[in-house]
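J.: Structure below; questions to follow.
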Amino acid sequence: MPPINPQKPVPRPNSFQVALVKKQPLGWQVLWQLGSAADSRGEPGELLGSELGAQLETAYSQPGSQHSKLQVQGQNSLSVYFVDPQLAVLSELGAQEIGFLRTLASFPEKNLNPVLLVSPSFEVHYANQAAKDLLPKWRSEVINSGLVPVLSKVAATGASEKVELALGSEVYALSIVPAVEPGLVQLYGENITTKKLIETELIQEKELAQHYLDIAGVLLLVIDPQGTVQMINQRGAEILGYPKEQILGKNWFDRFLPDQTKESTRQRSQLFFAGQGESTNTIEAPVLTASGEERMILWHGRELRNGQGKIYGFLSSGEDITEKTRFLEELKTSEARLDEAQSVSLMGNWHSDLQNDRHYWSNQTYHILGLPPKSVLPHPNLIWRQVAGEDRDRLQEALQATAQGKPSDLTVTLVDYGGQAKLVRIISRAHKYAKGTPVSLYGTLQDVTHQAQSQDQIALLAQVFKSAKEAVVFTDDQNRIIRVNGAYEAITGYSLSEIEGKDPHFLASGQHDRAFYEAMWEALRKEGKWEGEIWDRRKNGEVFPKLLSISTFVNEITGKVNYVGIFSDITQKKLAEEQLQNLAYYDALTGLPNRPHLLERMEVALGQVDRQDGLLALLFLDLDNFKNINDSLGHSVGDQLLVQVASGLKAAVRSTDLVARLGGDEFVVVLIDVKSPENAERLAVQIQSKLSQEFVLADHKVYTNASIGIAFYPQDGTTCEELLKKGDTAMYHSKAKGRGRFSYYDQQMEEAVAQKQFLTNSLHRALTNKELTLAYQPQVDALSGEILGMEALVRWHHPQRGFISPAEFIPIAEENGLILLLGEWVLREACRQTRAWQDQGLKPVVVSVNASVRQFQAGQFPEMVAQVLEETGLAPKYLKIEITESLLMHELEEAIHILGTLKKQGINSSIDDFGTGYSSLSYLNRLPLAELKIDRAFVNHIEEDSNIAKAVVGLAQGMGLKVIAEGAEDWGQVQKLIELGCFRVQGYFFSKPLNPEAFAAQLKVGVIHPPNFVVTPRKETSVPEIPQD
């Protein structure tokens, strides 16, 4: 309400047409007027002039007066309408405007919600104070949001409307109703911002709850009393092999159980819902998957009751124990076979846990001692006291030596508990040393009574010779073949009868010169042995590589000389090394050239086009809907699609053109020396026509297409990278137009550039506004589950966009140089957090931090790292710097220098994603590395093809490096890595990246044992991993 201003009854030359006044202690105050801005009778906030005020007071004092006429000298007469005990309307307009005046009087001035009286064109006739505050925004938003036609419709039809209107960050619900005055409408607004926020939060909470159910590692299921599936989570759908929508609403018993358990399970459920069953239970029962396979599930369940206590459903959680059940069965079979083997060989095994005084004997050990299996608790004293005479002291000394770390092998006379004397060979070893003291002893006990004779021992040696996997050849002092084993015959193709008396040199392939063989014999004469790789020729003419070891044996009595050659066929090893080498230039999945190879060949092609003054076309392809195919049908189906697409692209171009896979679902086709742009257009149409057809992959019908961007050399770019960038820009333009299209690059394609700029600007703010956080993914001992280290991974939660993937903003940071600030922040925060955990008494572990090419190029990287360590107080041995192979490709010499400096500071380094892009393995020896990390691309398919992973492990072990695998998502992959000798694993099987609080809690536990995980003892014969720092 305007304030009373009794000091300004100044006459005005103009007059109003309509005014709204209110009785106050000092007179009648003008609240609102229509007409001139001011007049002699008063303006808003002022009192009416004395003459008019006196007349109005007189009219007001007359009982029952609702309408009067007032006259002020020299001015038009006024009609007065009393619409409230203290509210009146003055008007020159006449009685026909009474409806309009009543409309105005009906608006409560103190209403906290905005109220407006407007024309259909939004000419404001009245606005209360709440509306006046928002009027500038209202005018703009109403006109811009298309509400004017709605106002016209209400004014014309008299029908009310309700709409929502956004004013900045606030949302209003508008009620639009016709006014009493014809041609006008009334707007009532209610601020519903808070209500909208609450609705949004409820939706988010519901989605979050479903997310939690879907990421659970077990099957979660709710059925109603009729057996209808009311809820199932993502894990359950994965186990059953159906999409969720094909499960929900279906009968659980009819659709998802094997025939042999269907009815019994249904009856048990009916009894339960009838109140005659147990409220909770744990059982093992199978389910029937979409493929027809039965999976064994360990079920836990309980009833669901409503507020009245009535059972309305049953909640079950199920763990897939199919593989575990099979493993236990196989383990029992294996133990039985081992027992049979020991029985045949008269050899038993034993184990003594020295710390816990626990001991184990196999059944055959009991038999050798003359005892029924399991008849007594095993103990070393039960063996020792049965050893006869002096052999007892010898055995005691041998076991004491074993306890000091020296293996022992002793044959003693033993009288078993049945009174029978035997000659027993006892072998003992110690393992799992803790501070120099053995934790346990283990070994074998073998009855060798019937093998004591030398003839039997010779026969045993002959058997070993015969069954060895390596080829063995004996020659005399003239190097003539005397004897070969079966492996030799199998590898070379020659039998002994064909080659006896020949010089082994007859296998020579011709790939080694005279000097090579002279050096070999010189080593044999001087050192008595030679070892190396050599290429020989099989009987079928095939040349093959072998690893050969030759030793000289001299008979001490006769002085006779013999030579023994032992070799293994390393053809597969060489193929694996060749495959690893090819990874630097070719995509492992499709066999197409990768990005480095493409760039090399494009450089040559550009020179060729320049010489011919021709035209080169680049087609940048990105498959449409590929992510959905991958997510819904699995990576194996996605990989098959990529292979078929690659094959189709190669078939569509000339042999002189280039086809490459850049990664993911991105491909590039380069047409060399095209005659006109139409050639590229025809190929794009041909490719899209081919890709739009149905693909049948693993019994799935899949449909896709490609968005294609086309750029030309030299008009769109003069370098390979520039052409790729322009083609990429054009491709995104195609995708934005609706996918399955192609576009030529032009200067107007700025959408992608604008998005990059937005992220760049936002990233600047993120670094100062603390929008960035770190997550930590554990690095685990695959044998024991012990947490050995962690990798620090940056996360960005944008205020408007929410979570932004590192794959989206890290490349932008690399491109614009923000990676320097971002990288230093990540390093400092990771070191600070690691030291803080150590100060809290948690187990010290190494934190791995990624470094970028730009950080190496900027200089002073080792100095920056040293400064961060000093500021945070973290010891250098707890930091590991991870670099990518792309860094080595561009900055090899600088990388060698920087990594060498870091090593001198006590900081180890690792190659991340090893095997995906580096083209010169010969330089690895020059790099002061501590670790190689096997890329997730090789781990994903390791159970089907482990050659590359095996080669990486062998390479690391040969170079004295640690090796770790990333991306392990299931127990089968972890088992395969253990089999290959890779015992350090990082991946979702053990843990996703965790926020600091969750990681600290896990680190406090110290180990991670996911479902299906089995602690695996480290075998003595396994190639040991490089020790921890």
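J.: Those residues that are small (Gly, Ala, Ser) and either loosely packed, with under 13 Cβ neighbours inside 10 Å or in contact with a Lys or Arg (Cβ under 6 Å, 6 or more places away or on another chain) (or both), I need them from the stretch 761-782; list them, please. Can you show your working first?
T.: Of the residues in the stretch 761-782, the ones small (Gly, Ala, Ser) are 762, 766, 775, 782.
ALA775 - this is the single residue of the stretch 761-782 that is small (Gly, Ala, Ser) and either loosely packed, with under 13 Cβ neighbours inside 10 Å or in contact with a Lys or Arg (Cβ under 6 Å, 6 or more places away or on another chain) (or both).
J.: Could you list all residues from the stretch 846-861 that are within 15 Å of TRP825 (Cα to Cα) and outside any loop (DSSP other than H, G, I, E, B)?
T.: Initially, the stretch 846-861 is screened for residues within 15 Å of TRP825 (Cα to Cα), giving 847-852, 854-855, 861.
VAL847, SER848, VAL849, ASN850, ARG854, GLN855, PHE861 - these are the residues of the stretch 846-861 that are within 15 Å of TRP825 (Cα to Cα) and outside any loop (DSSP other than H, G, I, E, B).
J.: Which pairs have Cβ atoms under 9 Å, sit 6 or more apart or on different chains, and link a residue in the stretch 373-390 that is under 23 Å from LEU423 (Cβ atoms) to one that is surrounded by fewer than 10 Cβ atoms within 10 Å (Cβ to Cβ) and at pLDDT below 85?
T.: HIS379/ASP357
J.: Is it the case that the stretch 514-528 has a residue that's within 25 Å of GLY486 (Cα to Cα) and surrounded by 13 or more Cβ atoms within 10 Å (Cβ to Cβ)? First the steps, then the outcome.
T.: Initially, the stretch 514-528 is screened for residues within 25 Å of GLY486 (Cα to Cα), giving none.
There is no residue in the stretch 514-528 that is within 25 Å of GLY486 (Cα to Cα) and surrounded by 13 or more Cβ atoms within 10 Å (Cβ to Cβ).
Listed here are the residues, each with its yes/no results for (1) surrounded by fewer than 19 Cβ atoms within 10 Å (Cβ to Cβ); (2) at pLDDT 75 or above.
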{"site": "ALA95", "(1), (2)": "yes, no"}
{"site": "GLY99", "(1), (2)": "yes, no"}
{"site": "SER106", "(1), (2)": "yes, no"}
{"site": "LEU116", "(1), (2)": "no, yes"}
{"site": "LYS132", "(1), (2)": "yes, yes"}
{"site": "PRO149", "(1), (2)": "yes, yes"}
{"site": "VAL177", "(1), (2)": "yes, yes"}
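J.: Next up: Kindly provide the set of residues from the stretch 966-1019 that are assigned to a helix (DSSP H, G or I) and of a type in the set (Asp, Glu), ordered by number.
T.: Filtering the stretch 966-1019 down to residues assigned to a helix (DSSP H, G or I) leaves 971-980, 996-1005.
Correct list: GLU979, GLU997.
J.: Can you spot a residue in the stretch 551-563 that is under 17 Å from ASN479 (Cβ atoms), surrounded by 13 or more Cβ atoms within 10 Å (Cβ to Cβ) and under 50 Å from the mean Cα position of the chain (by Cα)?
T.: The answer is no; no qualifying residue exists.
J.: Filter the stretch 595-647 down to the residues that are assigned to a loop (DSSP other than H, G, I, E, B) and under 23 Å from the mean Cα position of the chain (by Cα), then identify the one that is nearest to GLU721 (Cα to Cα). Lay out the reasoning, then the answer.
T.: At the first step, the residues of the stretch 595-647 found to be assigned to a loop (DSSP other than H, G, I, E, B) are 613-615, 625, 634.
After this cut, where a residue has to be under 23 Å from the mean Cα position of the chain (by Cα) as well, the list is 625, 634.
Values: ASN625: 26, GLY634: 33 Å.
Per the stated criteria, the residue is ASN625.
J.: Ok, one more. What pairs come up if the first residue lies in the stretch 678-702 and is without any contact (Cβ under 8 Å) to a residue 12 or more places away in the chain, the second is surrounded by 15 or more Cβ atoms within 10 Å (Cβ to Cβ), and their beta carbons are under 8 Å apart, counting only those six or more places apart or on different chains?
T.: From the stretch 678-702, the pairs are GLU694/VAL702; VAL696/VAL702; LYS701/PHE695.
J.: Any chance the stretch 198-215 includes a residue that's of a type in the set (S, T, N, Q) and at pLDDT 80 or above? Explain how you work it out, then say what you get.
T.: First, the residues of the stretch 198-215 that are of a type in the set (S, T, N, Q): 200, 204, 210.
Next cut, at pLDDT 80 or above only: none.
Scanning the stretch 198-215 turns up no residue that is of a type in the set (S, T, N, Q) and at pLDDT 80 or above.
J.: Go over the candidates ASP839, ASP781 one by one and state the one that is of a type in the set (D, E, K, R) and either under 28 Å from LYS976 (Cα atoms) or in contact with a His (Cβ under 9 Å, 6 or more places away or on another chain) (or both). If you could, list the steps in order and put the result at the bottom.
T.: Numbers: ASP839 fails: either under 28 Å from LYS976 (Cα atoms) or in contact with a His (Cβ under 9 Å, 6 or more places away or on another chain) (or both).
ASP781 is the lone residue from the list that is of a type in the set (D, E, K, R) and either under 28 Å from LYS976 (Cα atoms) or in contact with a His (Cβ under 9 Å, 6 or more places away or on another chain) (or both).
J.: Among the residues of the stretch 479-487, is any assigned to a helix (DSSP H, G or I), within 50 Å of the chain's Cα centre (by Cα), closer than 24 Å to ARG538 by Cβ and at pLDDT 85 or above?
T.: Of all residues in the stretch 479-487, those assigned to a helix (DSSP H, G or I) come to 486-487.
If we keep only those that are within 50 Å of the chain's Cα centre (by Cα) as well, we get 486-487.
With closer than 24 Å to ARG538 by Cβ added as a condition, the list becomes 486-487.
In the following step, the residues that additionally are at pLDDT 85 or above were identified as 486-487.
Checked against the condition, which is being assigned to a helix (DSSP H, G or I), within 50 Å of the chain's Cα centre (by Cα), closer than 24 Å to ARG538 by Cβ and at pLDDT 85 or above, the stretch 479-487 yields at least one hit.
J.: Looking at (1) crowded, with 20+ Cβ neighbours inside 10 Å; (2) more than 23 Å from ARG595 (Cβ to Cβ), find the lone condition where GLY981 falls short.
T.: Here GLY981 meets the rest and fails (1).
J.: Taking into account only those residues within the stretch 582-600 that are of a type in the set (S, T, N, Q) and surrounded by 17 or more Cβ atoms within 10 Å (Cβ to Cβ), which is farthest from ASN485 (Cα to Cα)? Full working, then the answer.
T.: From the stretch 582-600, those of a type in the set (S, T, N, Q) are 582, 590, 594; that's our starting set.
If we keep only those that are surrounded by 17 or more Cβ atoms within 10 Å (Cβ to Cβ) as well, we get 590, 594.
Working: THR590: 42, ASN594: 45 Å.
Ranking the candidates gives ASN594 first.
J.: Can you tell me which residue is farthest from GLY972 (Cα to Cα) among those in the stretch 805-826 that are surrounded by fewer than 19 Cβ atoms within 10 Å (Cβ to Cβ) and touching a strand residue (DSSP E or B) at 6+ places or on another chain (Cβ under 8 Å)?
T.: TRP825
J.: Residue check: is TYR918 within 25 Å of LEU575 (Cβ to Cβ), outside the structural domain of LEU592 (by TED's automatic domain parsing), at pLDDT below 90 and part of a loop (DSSP other than H, G, I, E, B)? Lay out the reasoning, then the answer.
T.: Numbers: within 25 Å of LEU575 (Cβ to Cβ): yes; outside the structural domain of LEU592 (by TED's automatic domain parsing): yes; at pLDDT below 90: yes; part of a loop (DSSP other than H, G, I, E, B): yes.
Spelling it out, TYR918 is indeed within 25 Å of LEU575 (Cβ to Cβ), outside the structural domain of LEU592 (by TED's automatic domain parsing), at pLDDT below 90 and part of a loop (DSSP other than H, G, I, E, B).
J.: Okay, next question. What residue, among those in the stretch 648-686 that are among the aliphatic types (A, V, I, L, M) and part of a helix (DSSP H, G or I), is surrounded by the most Cβ atoms within 10 Å (Cβ to Cβ)?
T.: Step one: list which residues in the stretch 648-686 are among the aliphatic types (A, V, I, L, M), which gives 649, 651-653, 658-660, 662, 668-672, 674, 680, 683-685.
Still in the running and part of a helix (DSSP H, G or I): 649, 651-652, 680, 683-685.
Details: LEU649: 25, ALA651: 9, ALA652: 14, ALA680: 23, LEU683: 22, ALA684: 23, VAL685: 12.
Of everything passing the filter in the stretch 648-686, LEU649 is surrounded by the most Cβ atoms within 10 Å (Cβ to Cβ).
J.: Quick one: is GLU578 exposed (fewer than 14 other Cβ atoms within 10 Å of the Cβ) and outside any helix (DSSP H, G or I)?
T.: Working: exposed (fewer than 14 other Cβ atoms within 10 Å of the Cβ): yes; outside any helix (DSSP H, G or I): no.
Against the criterion (exposed (fewer than 14 other Cβ atoms within 10 Å of the Cβ) and outside any helix (DSSP H, G or I)), GLU578 does not qualify.
The values are calculated or read from the model by the stated rules, or taken from the named source; none is laboratory data. Here the structure is a predicted model, which is why all the values come from computation and not from measurement. Because the Cβ atoms are built from the backbone with ideal geometry, glycine has one as well, and the counts that use them run over all protein chains shown.
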